Amino acid sequence: MKKYFNKYRSLLTPEEKKVRKKHLLLGLLSGILMGLSFPPIPLPYLAFFGLIPYLYVLEERDGLAEINRFTYFTFFFFNLITLYWVGSWTKDADSYLLIAGTTLMFFNPLLFLIPSTLYYFAKKRFGKTVALFALPVFWGFYEYIYSVTDFRFPWLMLGNSLTTFRVFIQIADIIGAYGISLLIVYLNIMIYKSWQEYLSRKNIHFGFAAGVLLFIIVPLVYGFIKSSADYGSENSVRFGLIQPNINPWKKWEAGSLDDQLDLYLDLSKQAVDENAKVIAWPESALPVYLLNGRYSSQVKRIHEFLDSNNVYLVTGMPDATFYFDSTKAPDDAKRSRSGTLYTSYNSILYFAPNSRKVEKYGKIMLVPFGEKVPLVESIPVLGDLFKWNVGISSWNTGRGVKVFEMGDNGTVIGGVICIESIYPAFCAEFVQSGAGVIAVVTNDSWYGNSSGPYQHKDIAVMRAIENRRSVVRAANGGISCLIDPSGKIIKHTEMFTRDYLTVDVSINYDETFFSAYPRLIPYISIAGTMLLLLITVFDKFKSRFISK
């Protein structure tokens, strides 16, 4: 390989080497600027022009291979800055997770070759200018398609870079995070073309300059109006958000289950003393299948606590169902060592006072490799090859969204688990099902005090704005918080503290345009991309057969 690159470099003229070096520096600059635009770094404005160096080189390069090599190079640095934390570089980290995180650093930039490849085909068919202005559509296509594959990890949706620029992203209640991504790419293109025209003609191009102003002023004016609006503030419920700060690497092998339950109930009692009506515990609050019949005394203690205090409980919890009659087992059931078929879910359990019925929701959007091995249904042996030491890499996929209703006042809660909160259209399904508030139970402690937990918390801001719903987060080690329907973080805990929050949560049942049509922008992007591909295929067919 080294011999090949040395030979390649020797074929370049001094001028070509100079251009190549310039292009690499511009790609590095774009990667750094876009990386620095993401939380927790408070520089979201960099996203408005961070792609300009990349766009310049994109137009300079002609071949598909050279376009994609440069694209990979640029977005490798973008990924490195934003997702360095995924491998969990902590002293307790599982070696498999370290390997998976490192692999992601090299795999994720490959996905950015989707829009660059589509740009190449558009450029061949329609020319530079049309291809450049079609690039945002291709980008939207890539962001959505990636989010529905088995390998999905759409953390780096460009819209997520602006979650701290709250006024600008209020328009997400119409266009969602997908539309914000398109706005970012179009703004970069408009600024780039304006600058290009000024350099070549020494005057300002009215159309491009107007485009820049339009894409900035409209969201800002809309944002100033919407960020100060009232979203159901007269109707509220007090939540108690419990943050136990238990080491996630050790709780599967640690001490007394009753000791852990004591901790949860003690913190919950403090929240109840401050008039909390709903208690939220984090993801996988207890490291057992609580409802499988072996933990009846612990379940009884939870029910007695809720009954005596007249409060509801939303908690993350592992959950399993065993099928001793194999004819009743679903198709995705697994076989235990004893031979019994079973399903297991990363779940939310919903307990109500004075009731022994426990409602369940099984997580649907599982973390690739972390919670489910991609393609394991088609290639079962993969499930044996990839497993965390903590034993949570083979959950079954949940079978539909579910909301929970409080019996005394009718409040409807939509509960999502951890990474599910980064999926715009998926979270909107809970709103469509009647949720007046979104509760996120999560455990971000795997990743230490890195950028990951802060990014995850800030991405939830977008879900609040898109749906005009309050979002509450109960996180094991932080960050637990309340986000109001305008995206403002009202109250939050600090990382790695044992704490609780009591917060008055506004409840709203009005649907936004985005809530009603959450996939409109992605479908438009898909339609535009499919049109390009059909035209390209038709041209190939025409040139090969019809012209003859």
message: Just checking, does region 177-186 include any residue being in contact with a helix residue (DSSP H, G or I) (Cβ under 8 Å, 6 or more places away or on another chain), open to solvent by 40 Å² or more (accessible area, probe 1.4 Å) and of a type outside the set (Asp, Glu)?
response: yes
- prompt: Only one of (1) of a type outside the set (Asp, Glu); (2) within 15 Å of the chain's Cα centre (by Cα); (3) assigned to a helix (DSSP H, G or I) is not met by PHE151, so which one is it?
  reply: (3)
- line: Per the filter on region 304-354, residues in a loop (DSSP other than H, G, I, E, B), touching a strand residue (DSSP E or B) at 6+ places or on another chain (Cβ under 9 Å) and small (Gly, Ala, Ser) are ALA329, ALA333, SER336, ALA352
- line: Screening VAL471, VAL461 for residues that are in a strand (DSSP E or B), of a type in the set (A, V, I, L, M) and open to solvent by less than 20 Å² (accessible area, probe 1.4 Å) leaves only VAL471
query: In this structure, is ALA131 surrounded by 15 or more Cβ atoms within 10 Å (Cβ to Cβ), in contact with a Lys or Arg (Cβ under 8 Å, 6 or more places away or on another chain) and of a type in the set (A, V, I, L, M)?
result: yes
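Collect the residues in region 11-45 that are aliphatic (A, V, I, L, M) and under 20 Å from the mean Cα position of the chain (by Cα), keeping them in residue-number order.
Of everything in region 11-45, those that are aliphatic (A, V, I, L, M) and under 20 Å from the mean Cα position of the chain (by Cα) turn out to be MET34, LEU36, ILE41, LEU43.
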message: Pull out all pairs, ordered by first then second residue, where Cβ-Cβ is under 6 Å, the residues are six or more apart or on different chains, the first lies in region 293-310 and is closer than 13 Å to SER355 by Cβ, and the second is outside any helix (DSSP H, G or I) and open to solvent by 80 Å² or more (accessible area, probe 1.4 Å).
response: ASP307/ASN354
task: Report yes if SER268 is in contact with a Gly (Cβ under 7 Å, 6 or more places away or on another chain), at positive phi and surrounded by 14 or more Cβ atoms within 10 Å (Cβ to Cβ), otherwise no.
output: no
- prompt: How do the pairs read when you match residues in region 26-54 that are of a type in the set (S, T, N, Q) with residues anywhere that are surrounded by fewer than 20 Cβ atoms within 10 Å (Cβ to Cβ) and part of a loop (DSSP other than H, G, I, E, B), using Cβ under 8 Å and keeping only pairs 6 or more apart or on different chains?
  reply: SER37/LEU43
message: Quick check on region 153-168. Is at least one of its residues open to solvent by 20 Å² or more (accessible area, probe 1.4 Å) and more than 21 Å from SER421 (Cβ to Cβ)?
response: yes
task: Please go through region 61-92 and pick out each residue that is touching a helix residue (DSSP H, G or I) at 6+ places or on another chain (Cβ under 7 Å), open to solvent by 20 Å² or more (accessible area, probe 1.4 Å) and touching a residue at least 40 places away in the same chain (Cβ under 8 Å).
output: LEU64, ASN68, TYR72, PHE73, PHE76, PHE77, LEU80, ILE81
query: All but one of (1) open to solvent by 50 Å² or more (accessible area, probe 1.4 Å); (2) more than 23 Å from LEU182 (Cα to Cα) hold for HIS23; which doesn't?
result: (1)
- request: Give region 269-302 a look and list any residue that's under 29 Å from the mean Cα position of the chain (by Cα) and either assigned to a helix (DSSP H, G or I) or closer than 19 Å to ASN443 by Cβ (or both), or say none.
  value: ILE279, ALA280, TRP281, PRO282, GLU283, SER284, ALA285, LEU286, PRO287, VAL288, TYR289, LEU290
- line: Cβ pairs under 6 Å, 6+ apart or interchain, first in region 505-522 and closer than 24 Å to PHE239 by Cα and part of a loop (DSSP other than H, G, I, E, B), second modelled with pLDDT under 95 and open to solvent by 20 Å² or more (accessible area, probe 1.4 Å), ordered by first then second residue, are ILE507/GLY232; ILE507/ASN235; ASN508/TYR231; ASN508/GLY232
field: Evaluation of SER525 against (1) assigned to a helix (DSSP H, G or I); (2) touching a residue at least 24 places away in the same chain (Cβ under 8 Å); (3) surrounded by fewer than 19 Cβ atoms within 10 Å (Cβ to Cβ) (one fails), failing number
entry: (3)
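Any idea which of SER480, SER547, SER506 is at pLDDT 95 or above and either more than 30 Å from PRO248 (Cβ to Cβ) or open to solvent by 90 Å² or more (accessible area, probe 1.4 Å) (or both)? Full working, then the answer.
Working: SER480 fails: either more than 30 Å from PRO248 (Cβ to Cβ) or open to solvent by 90 Å² or more (accessible area, probe 1.4 Å) (or both); SER547 fails: at pLDDT 95 or above.
None of the others qualify; the one that does is SER506.
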task: Output the residue which, of all residues in region 334-381 that are among the small types (Gly, Ala, Ser) and at pLDDT below 90, is least open to solvent (accessible area, probe 1.4 Å).
output: GLY370
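The values are calculated or read from the model by the stated rules, or taken from the named source; none is laboratory data. Because the structure is predicted, anything quoted here is derived from the model rather than measured. So basically every Cβ, Gly included, is an ideal-geometry build from the backbone, and we count neighbours across all protein chains shown. These area figures cover heavy atoms from the full protein model, side chains too; ligands, DNA and RNA do not enter into them. Shrake-Rupley method; radii C 1.70, N 1.55, O 1.52, S 1.80 Å.
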